[in-house]
Amino acid sequence: MPKLRLRVQYETVVGEELFVTSSLWGWRDKPLTWTPGHWWEIQIELPSTVSELEYKYHLYRSKTGTKVWEEFENRILPIASIPRANVLDSVII
């Protein structure tokens, strides 16, 4: 299966994590991994039958147990338009 890496740069504080949810896995949350420079990323496998990926990021605050969603509609990524296996996003929360 082809793999796709989603990366987003977002500075969090202690007790905050970024997650992504998608139609690809039934809208369940998947955690992103923090890397140096405040980059958060996840690598996902794309079934060959998928023509687009619909997804959305959110911030999870463990102190309050709240999710803070992005300020706009779900992202839709046409898979055929990806020139490489990386997608760089920006998040507004």
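Could you go through the stretch 40-45 in sequence order and give the Karplus-derived ³J(HN,Hα) for each residue, using 6.51 cos²θ - 1.76 cosθ + 1.60 with θ = phi - 60°, rounded to whole Hz, and x for Gly and Pro?
Once rounded to whole Hz, the list reads 10, 8, 8, 10, 10, 8.
With the dipole of the stretch 21-68 worked out from charges on the C-beta (+1 for Lys and Arg, -1 for Asp and Glu) around the Cα centre, which of Trp27, Tyr55, Gly65 lies farthest toward the positive end?
Farthest towards the positive end: Gly65.
Quick one: 3J(HN,Hα) in Hz for the stretch 2-17, Karplus 6.51/-1.76/1.60 with θ = phi - 60°, rounded, Gly and Pro as x.
Each residue's phi maps through the Karplus curve to give x, 10, 10, 10, 9, 10, 9, 9, 7, 8, 10, 10, 3, x, 10, 9 Hz.
Between Leu53 and residues 5 or more places away or on another chain, which pairs have amide H atoms under 5 Å apart, with H built 1.01 Å from N, and which residues are they?
Hits under the 5 Å cutoff: Leu77, Ile79.
Given axes a ≥ b ≥ c from the Cα gyration tensor, I'd like to know whether the stretch 1-77 is rounded (a/c under 1.5), prolate (a/b larger than b/c) or oblate.
Here the stretch 1-77 falls in the prolate category.
Work out from phi, with θ = phi - 60° and the Karplus expression 6.51 cos²θ - 1.76 cosθ + 1.60, the ³J(HN,Hα) of each residue of the stretch 52-67, listed in order in whole Hz, and give x for Gly and Pro.
8, 10, 9, 7, 7, 9, 8, 9, 10, 9, 5, 4, 10, x, 9, 10
Rolling a 1.4 angstrom probe over the protein chains, ignoring ligands and nucleic acids, what is the accessible area of Glu71 in square angstrom, nearest 10?
140
The values are calculated or read from the model by the stated rules, or taken from the named source; none is laboratory data. Only a predicted model underlies this, so the values are computations on that prediction, with no experimental measurement involved. Positions of Cβ are generated from backbone atoms using ideal geometry, with glycine treated the same way; all protein chains shown enter the neighbour counts. Heads up: the accessible areas ignore ligands, DNA and RNA and are worked out on the full protein's heavy atoms, side chains in. Shrake-Rupley method; radii C 1.70, N 1.55, O 1.52, S 1.80 Å.
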